[in-house]
1. Give the accessible area for THR473 in Å² (nearest 10); use a 1.4 Å probe, count only protein heavy atoms, and leave out ligands, DNA and RNA.
2. Just how much of SER615 is accessible, in Å², when a 1.4 Å probe is used and the result is rounded to the nearest 10?
3. Size of the dipole of the chain about the Cα centre, Lys and Arg at +1 and Asp and Glu at -1 on the beta carbon, nothing else charged, in debye to 20?
4. Report the calculated FRET efficiency for SER51 and ARG18 (r = Cβ-Cβ distance, R0 = 30 Å), to the nearest 0.05.
5. Would you mind listing how long the chain runs along its three principal axes, going by Cα atoms, in whole Å with the largest first?
6. What do you reckon, how do GLU380, GLU240, GLU332 stack up by accessible area (1.4 Å probe), largest on top?
7. What figure, in Å² to the nearest 10, do you get for the accessible area of THR339 with a 1.4 Å probe and non-protein molecules left out?
8. If you take every DSSP beta bridge fully contained in the stretch 95-214, what fraction is antiparallel? Give it as a percent rounded to 5.
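The values are calculated or read from the model by the stated rules, or taken from the named source; none is laboratory data. Only a predicted model underlies this, so the values are computations on that prediction, with no experimental measurement involved. Ideal geometry is used to build each Cβ from the backbone, glycine not excepted, and the neighbour counts take in all protein chains shown. All accessible areas refer to the heavy atoms of the entire protein, side chains included, with ligands and DNA or RNA removed. Shrake-Rupley method; radii C 1.70, N 1.55, O 1.52, S 1.80 Å.
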Amino acid sequence: MDSKQAAHLLATLLDTYRGSELSSDREFFMRLAFHFRDIARLSYSLYGGRSHLEEWTRRLVDLLYTQYRARPRRAREVDRVRERNPKWYLSNQLVSTMLYVDRFAGNLAGLRRRIGHFRDLGVNLVHLMPLLDCPAGANDGGYAVRDYRAVDPRIGSMDELVALIEAFHDDGILVQLDLVVNHTSDQHQWAQRAAAGDQRYQDYYYMYEDRSIPDQFEASMPEVFPQSAPGNFTWLPEVERWVMTVFHEYQWDLNYTNPDVFLEMLDVMLYLSNCGADVLRLDAVPYLWKKIGTTGQNLDEAHTILRLFRVCASIVAPAVALMAEAVVQPAEIVRYFGTDDYAGRECEMAYHVSLMVLLWDCIATRSTRLLRRGLESMPEIPRNATWFTYIRCHDDIGLGYADQDIRACGLDPFLHRRFIVDYFTGRYPGSTATGSPFMVNLRTGDARISGSAASLLGLESAIERGDRHGIETAIDCLIMLYAIVCSIGGIPIIYYGDEVGYLNDYSYLDEPDKREDNRWMHRPRIDWNKMARSQDCVTVEGRVFARMKQLIARRKELPEFAADFPAQMMDPANEHVVAYLRYCADYRTLVLANVSDVTQIVSFDVLEESGIDPSAADVLSGRPAQIEGEYVVLRPYAFLWLRHSVFGESAPSQTTQAVTTQTREHTR
Ligand code: GLC
């Protein structure tokens, strides 16, 4: 559709609105006019072959208008603030956490009583993991949604959620919610109707009478859960149909080739936005479009769907940022920020999956070779996009390194991955890690890893052995990894429990619907007696908490840690040390981190190349680095944030006042 046709279509659509609506909701119609060309273009590219495209576009615009009118006043104010400051999420002020409401605090009311915990830690973006209504029993941690407009009654109600979000906002804390956009639960009413034989709803899914089409799909589609849910289709005896179920058999893939499905999910997206969410995490986005003969991942149409979602959200809820959950190869992940004409106009955030796995590689190998190679070969991301940087989340650690990067380091991809799995599952001689292999694929030899950060870093086994030195080493290593996550650029995620060094929680083995999925070992039920020890610095929990809190507080004082400019990787001429430079107009900070269990030295050369004086103070300790001759000394798992002001002072910090004002600005 060209611009003339789009303009004509817009004029026809606008004709149907009354003059009073056009003037009272001028803001909406202005935004619609501004973005309409994209709406027309993207819709045409997805559904251009359909005869009712014009009628469908009218329904889309009506839907947008209805959701705009339903948008609460407070949310509209935030829209306007963020329209004036569209890159608000690049700020160094943001630090996030992610948690399951029930496992963290029992329910929404319990979570509300814990707001002080986030304030104390300094976290100001809380991702509430799936909390919508889902069937009891197996539900993939809530990623099988039964009703997108109801909160799981076991943890509360929609009214309570909205009130909780407001309470968070009053405290300057933003909220992120999940939008499970690729599939519904088999208990969702659409699925139930489809299973009852209703053709309209059967068309919401990929459903087939016999195996001929499923077999063609299967020929090129990989399996996500080969152990627990092999294959990509499930037989439904009640309607005698096969339905596509890429994840578990109770998660039915939505069929976006049906334009009605897009409208349904757009409505859900805007509904959740209107509940007050600041960020929506779009689950499993690489899978949004399937085509025979492909892997069914990362197809161009999946990107078009996301772009259309983004444009529509920019009209109704511009304050809301979209975050892509795309656990795919590095070069594919960056495409979710948008490419070509849409660079920076798809999802503005994504998990930095590559950094996460590369950091675990450093821990197992004590070397930064693959990390450097992997980060250097990643394409640049658009200037208005940012990462969520993290070491742990609720999922397994999949070893998605690019094979060519492993080979470039002189390693064999298959054997190297096997070594990493063996290391973190404690099978490799000398390893102190206590993780478990996840989804071992006997056919391909592929496997992933489960386990909490602290247990993977040896804290659990050191405590069991009563090994004090081992305990301190594991804590140092955990903090060193978080020091990277907090400084390399993007929004750091402090995965819940890590702030006190939570170990694996094996209680899932007693829960029949969780026993088969060992990802639950790193989704702990928080024991608030243990959490209370965070206030006592002689305990492990207290020592970890104090250091995490300090990292977060210092990060917020350093504008050079904002995501406006990417980290510049430096060569410290020592493969056990990561070095990168962060800078802004007034300051530069060189980060040095020793990823090994042996003391390392780094020559002054890297300081000189970074424009940092050897006498510069480390932001965290306030002291200059330890120097031996012309070398900086880094003890095992030590790190430094060496800061230099272009005005000549070392490590000044902004006032707390400025920090608070900026955070408030985000939520207003
Ligand atoms: C995402 C979630 C994961 C879930 C899957 C299916 O990858 O992070 O936990 O199993 O989607 O919804």
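1. That residue has around 40 Å² of solvent-accessible surface.
2. Around 80 Å² of this residue is reachable by solvent.
3. Details: 71 positive and 91 negative charges, 264 e Å.
The calculated dipole for the chain is roughly 1260 debye.
4. Values: r = 29 Å, r/R0 = 0.96.
So the FRET efficiency works out to roughly 0.55.
5. Principal axes ranked by extent give 77, 56, 48 Å for the Cα atoms.
6. Numbers: GLU380 155, GLU240 115, GLU332 55 Å².
Heavy-atom accessible area, descending, gives GLU380, GLU240, GLU332.
7. Answer for THR339: close to 40 Å² accessible.
8. Details: 2 of 10 bridges.
Percent antiparallel among DSSP bridges in the stretch 95-214 is about 20.
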